[in-house]
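Read through the structure below, which is laid out as structure tokens, and then see the notes.
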Amino acid sequence: MTEEIEPSRIDETPFIEGTANAKSRYGRFNLAVIGGTGVGKSSLINAVFGRNLAKVGKGLPVTRGVQYYSDDSLGIWDIEGFEIGSTVPPAEQLRGHLAEIARHPKNQQISVVWYCVKSNDDRLTPADVAMIGELSRAGLPVILVLTKVDWSKNPITGQRGVSKSVEEFVDWLDNPVDENGQPIAIGYERVILTSTSDKHGKGKGHGLGELVAETLTLSPEDEKDAFRIAQRLNLPWKRELARPIISAAAAAAAGAAAVPLPVADAVTLAPIQLGMMARISVIYDIEMKTALSTSALANLGAQLAGRALASSLIKLIPGAGSVINAGVAAALTGATGEGWLRLCEQVHTGKIDLDQMNEAWGDYVPGFLDVIRKMATQRLGK
């Protein structure tokens, strides 16, 4: 039988503070996405970040042709392509936009640029070349993203490939020349072909994983983790960030139980576990405080304390008596972290709705065997 713990004995402050600290530590990743109307910028952002561009936090009109959208983990500078009919040269037009952006706070400055061009455009215009050159001179890493690429299946080989015109476009980009056949320099780092859906308008698209990997490579070192959190396509990156947090929390729980805790005081482990949960939630870009009430967080912490589970465990540990020792505390916390990580992934990938998270936790809370396995792993690791 599960032993009840009064929710009032659980303070949700560690969760709130853990969330704030994690957000402050990881910061915000700022991406500039440049391209004309209809190039597919919104679809690309939605596919990679799971955000509708028009609904990414709050939109801030900066100047004509420039809009800034942001939330805690992601900032998007939406910059229109060259304004046809304008008397201002494209490079000068973009230079003005970049100067305006430079006046904004440090946490809004551009890290990487996606310069988007439709794959059926055949080649870059002089305006495109001028604007990419301006970005390069400003020291910004540019990925040239060819959008709306149609990968069709070869009826003979069965392999998927792009059209002849797209192949020729890519060949030209590898060795660009002007209308007179003279070589020209274009300041992008790499060309990546993308599609946000298959030819039937379904599926996860093509080239997005490559785009995400190249964006991470070009990101400043101190902003790589922010990008890992903002993007939604690469779950292993998020696990790599989460697992050290679980290990640190397990070590802290072991420290708290260095002087063995009476089972009745197992609730004292809850703050450590709540802080761990909060940090993992931030990594998976889940705003838990909006989904769970204070009482729900408290009840969750009471479950995490695992007093009933600990009572069962210590009966198997010779000489433990009625206390939780460091090994049990670390194993319980580690197993809890792994269960929470799995639940966050289910919410992150849309398999569980955010508002169902509290109910779903019962399916992920660590069981007796989970903790035994964690204890065995800890012993083997020594």
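The values are calculated or read from the model by the stated rules, or taken from the named source; none is laboratory data. Note that the structure is a prediction, hence the values are computed from the model and not measured. Note that each Cβ is placed from the backbone with ideal geometry, even for glycine, and that neighbours are counted across all protein chains shown.
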>> Between D128, D121, D171, which is of a type in the set (D, E), crowded, with 20+ Cβ neighbours inside 10 Å and more than 25 Å from the chain's Cα centre (by Cα)?
In response: D128
> Just checking, how many residues over the range 129-172 are in a helix (DSSP H, G or I), closer than 30 Å to K224 by Cβ and modelled with pLDDT under 90?
Replying inline: 1
>> Which of the numbered conditions does T37 fail, given that it passes all the others? Conditions: (1) at pLDDT 75 or above; (2) crowded, with 16+ Cβ neighbours inside 10 Å; (3) in the same structural domain as D128 (by TED's automatic domain parsing).
In response: (2)
